[in-house]
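Undergrad: Here it is, the structure in full.
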Amino acid sequence: MKTEFVDVNETRKNVRVEIPSDIVNSEIDRIARGYSKKARIPGFRPGKAPPSVIKHRYKDQILHDVAHDLIPRAVDDALRERGVEPVDTPDVRDVTIEEGQPLTFTASFDTLPAFDPGDLATIALRKPRVAIDEDAVNGALQRLRERAARFEPVEERGIDHGDTAVLDVERRDGNGPAQSHRDVSIELGAKSNPPGFDEQLLGLQVGTTKPFTIHYPADYPIGEMANADVSYTVTVKGVKRRVLPDLDDEFAKDLGDFDTLDALRGQVRQDLEREARFAADREVRAELMKALAKRLPFEVPSSLVEREVERRIEDFARRLVDQNVDPRQAGIDWQAFRDSQQEPAREAVAGALVLDEITRREQLLVTDEEVEQEVGRFAERTGRTAAAVRAALEKEGGLSRIYAGLRREKSIDFALARATIAGE
């Protein structure tokens, strides 16, 4: 087999491969014999058609199968002989195959050269100071009050700001059929309400029916609603107002194992401080990844960037689905979103590549015991046995991701321990 490697740039490589004709012919004969056993050709008994007839009748299929079998093996052999490890499956093009002729093709792939990440001690990071003031504690307590609010019926007046109205709603969009919804609860002031909807409800009392039309602005985020007129008819069936509990010892007791409001306040402060420490750690790690990304001495392979962009798109779409939002109906310009993720994806991949190089150079290894501990933590979070989690991970190929994740965590810890962090 003949091979010719060409460096397109520091990471992109091409290899031109020529497989000798005798190997091609032998593979054609082998594939043709397989077709002969199953072929049904008029004038011949099953399995008795001459090879020349089989090759002529099934030429395209046979040549396709031959290329499908020979090319991956040839690529693997060429890369192994050269000592090259691609970061992704090579792209194959310019395939030429005919009986009696060599099979030729070109494979393009990305690879990563070794490089020096530099002196990690020269990385300067700043960790935000963790400080929780009284306003933050009071804000958290207020949110607890709002979550514990109860609703009381309103009878002596009409709908007002902050009320929750129970409505029968008939909605008509253009010339389409009317859509009816019963006992819909609408909280006045909610961000999800249509523009101008709240104002139409103000002052209405129980038993009132009111028709009105809402014009959705041209920049409305849901594309199919932008610049549209929608007619509504609402009938008020009930009005409720939200009543917040008093902020006192009884409120604290209702929330849990707290004897006094001061005890609850102390726990809230501890929770906020812990969250602030986590946020500060995340910020330092993010700054570290940006600093490491700048140390990559070559362009990030486009195949890795595209893979990261696809992962981000899938993750975003999955979060929408978790919120019961159909990604196809969310009014999102997915091409614009894809474009916006190119640079963040490039930076994330660059930082990860530098981390991987640190792992290789420093020989940071992950032990089987550490993997088992991680599996155990995952099992505990999901309420399953460690054996069940491990079996599922082995079936899905997930253990390798755990190894990779733990290796990168070790690399991050290694880099953070050597970086200069102000504010600690």
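Undergrad: Among the GluC sites (Glu not before Pro) in the range 144-222, which ones are in a DSSP loop with at most 12 other Cβ atoms within 10 Å of the Cβ? Mind listing them?
TA: Sites meeting the loop and neighbour criteria: 155, 156.
Undergrad: Within the range 216-258, list the residues whose amide N lies under 20 Å from a label point set 7 Å along Cα→Cβ of residue 149.
TA: The answer is 237-248, 251-252, 254-255.
Undergrad: Right, something else. For the chain, what is the mean residue ellipticity at 222 nm derived from helices alone (per DSSP H run of n ≥ 4: -39500 (n - 2.57); sum divided by total residues; nearest 500 deg cm²/dmol)?
TA: That comes out to -16000 deg cm²/dmol.
Undergrad: Please say if the chain is rounded, prolate or oblate, where rounded means a/c under 1.5 for a ≥ b ≥ c the square roots of the C-alpha gyration tensor eigenvalues, and otherwise the choice is prolate for a/b larger than b/c and oblate otherwise?
TA: Because a/c hits 1.5 or more and a/b fails to exceed b/c, the chain counts as oblate.
Undergrad: Indicate the gyration tensor shape class of the range 167-283 (rounded, prolate or oblate), computed on the Cα atoms with a ≥ b ≥ c the square roots of the eigenvalues: a/c under 1.5 is rounded; otherwise a/b larger than b/c is prolate and the rest oblate.
TA: Here the range 167-283 falls in the oblate category.
Undergrad: Accessible area of the range 278-424 with a 1.4 Å probe: how many percent of it is carbon plus sulfur?
TA: 50
Undergrad: Let me ask another. In the range 304-386, what trypsin sites (Lys or Arg not before Pro) fall in a loop by DSSP, with at most 16 other Cβ atoms inside 10 Å?
TA: For trypsin sites (Lys or Arg not before Pro) across the range 304-386 that sit outside H, G, I, E and B with at most 16 neighbouring Cβ atoms in 10 Å, the list reads 384.
Undergrad: Follow-up question, since we're still on this one. So which lysines can residue 290 reach, going by Cα to Cα under 20 Å and dropping same-chain residues fewer than 8 places off?
TA: 127, 410
Undergrad: Explain nothing, just compute: Karplus ³J(HN,Hα) = 6.51 cos²θ - 1.76 cosθ + 1.60, θ = phi - 60°, for every residue of the range 344-349 in order, whole Hz, x for Gly and Pro.
TA: The phi angles translate into x, 5, 4, 5, 5, 5 Hz.
Undergrad: Still on this structure, I have one more. So if the hydrodynamic radius of the range 190-250 is defined as the Kirkwood radius over C-alpha pairs, what does Stokes-Einstein give as its diffusion coefficient at 10 °C and 1.306 mPa s, in µm² per second?
TA: Taking Rh from Cα pairs, D becomes 112 µm²/s.
Undergrad: Looking at the chain as a GNM with Cα springs under 10 Å, which of 283, 374, 308 has the largest mean-square fluctuation?
TA: Fluctuation is largest for 374.
Undergrad: If you don't mind, another one. Which lysines have a Cα lying under 24 Å from the Cα of residue 395, excluding residues fewer than 8 positions away in the same chain?
TA: none
Undergrad: How big is the accessible area of residue 181 in square angstrom, nearest 10, if you roll a 1.4 angstrom probe over the protein chains?
TA: That residue has around 80 Å² of solvent-accessible surface.
Undergrad: Further question on the same structure: Please go through the range 19-79 and write out the chymotrypsin sites (Phe, Trp or Tyr not before Pro) that DSSP classes as loop and that have at most 15 other C-beta atoms within 10 Å.
TA: 44
Undergrad: Can you give the accessible area of residue 206, probe radius 1.4 Å, in Å² rounded to 10?
TA: Roll a 1.4 Å probe over it and residue 206 shows about 90 Å².
Undergrad: Relative to the longest principal axis of the C-alpha atoms of the chain, give the angle of the C-alpha long axis of helix 399-418, reported between 0 and 90° and rounded to the nearest 10°.
TA: That helix lies at roughly 70 degrees to the long axis.
Undergrad: Send over a whole-number figure in Å² for the accessible area per residue of the range 299-424, probe 1.4 Å.
TA: Accessible area per residue, the range 299-424: 62 Å².
Undergrad: Okay, moving on. For residue 202 and residue 10, calculate 0.36 nm times their separation in residues minus their Cα-Cα distance, and state this gained length in nm to one decimal.
TA: 62.5 nm
Undergrad: Same structure again: Which whole-number percent gives the relative contact order of the range 62-221, counting Cα pairs below 8 Å spaced six or more residues apart?
TA: Taking the mean separation of contacting Cα pairs over the length of the range 62-221, I get 13 percent.
Undergrad: For the chain, what does the relative contact order come out to in percent, with C-alpha contacts under 8 Å and a separation of six or more?
TA: So the answer I get is 16 percent.
Undergrad: About the Cα centre, and with charges only on the beta carbon of Lys, Arg (+1) and Asp, Glu (-1), how big is the dipole of the chain? Nearest 20 debye, please.
TA: 1820
Undergrad: When we measure straight from the Cα of residue 210, which lysines land under 25 angstrom away, once same-chain ones fewer than 8 places off are left out?
TA: 191, 237, 240
Undergrad: Need one number: nm distance between label points at residue 44 and residue 121, each 7 Å from Cα along Cα→Cβ, rounded to one decimal.
TA: Each label point lies 7 Å from its Cα, and together they span 7.7 nm.
Undergrad: Any idea of the accessible area per residue across the range 138-181, 1.4 Å probe, to the nearest Å²?
TA: That works out to 62 Å² per residue.
Undergrad: Follow-up. Under a point spin-label approximation (7 Å from Cα along Cα-to-Cβ), what is the residue 68-residue 329 distance to one decimal in nm?
TA: 3.9
Undergrad: Choose one answer from 309, 300, 92: the residue with the largest mean-square fluctuation in a GNM of the chain with alpha-carbon springs under 10 Å.
TA: 92
Undergrad: Who wins for biggest fluctuation among 175, 193, 227 in a Gaussian network model of the chain, springs between alpha carbons below 10 Å?
TA: It is 175.
Undergrad: While we're on this one: Quickly work out the residue 253-to-residue 422 label distance, labels modelled 7 Å from Cα along the C-beta direction, and quote it in nm with one decimal.
TA: It is 5.1 nm.
Undergrad: Using Cα pairs under 8 angstrom and six or more residues apart, how large is the relative contact order of the range 42-144, in percent?
TA: Relative contact order comes out at 17 percent.
Undergrad: Output ³J(HN,Hα) for the range 178-186: one whole-Hz value per residue in order, computed from phi by the Karplus curve 6.51 cos²θ - 1.76 cosθ + 1.60 with θ = phi - 60°, and x for Gly and Pro.
TA: After applying 6.51 cos²θ - 1.76 cosθ + 1.60, I find 6, 10, 10, 9, 9, 6, 8, 8, 10 Hz.
Undergrad: Rounded, prolate or oblate, given the Cα gyration tensor of the range 287-384, with a/c below 1.5 counting as rounded?
TA: The shape class here is oblate.
The values are calculated or read from the model by the stated rules, or taken from the named source; none is laboratory data. Just so we're clear, the structure is a prediction, and the values are computed from it rather than from any experiment. Cβ: placed from backbone, ideal geometry, glycine included. Neighbour counts: every protein chain shown. What goes into the accessible areas is simple: the full protein's heavy atoms, side chains included, and nothing from ligands, DNA or RNA. Shrake-Rupley method; radii C 1.70, N 1.55, O 1.52, S 1.80 Å.
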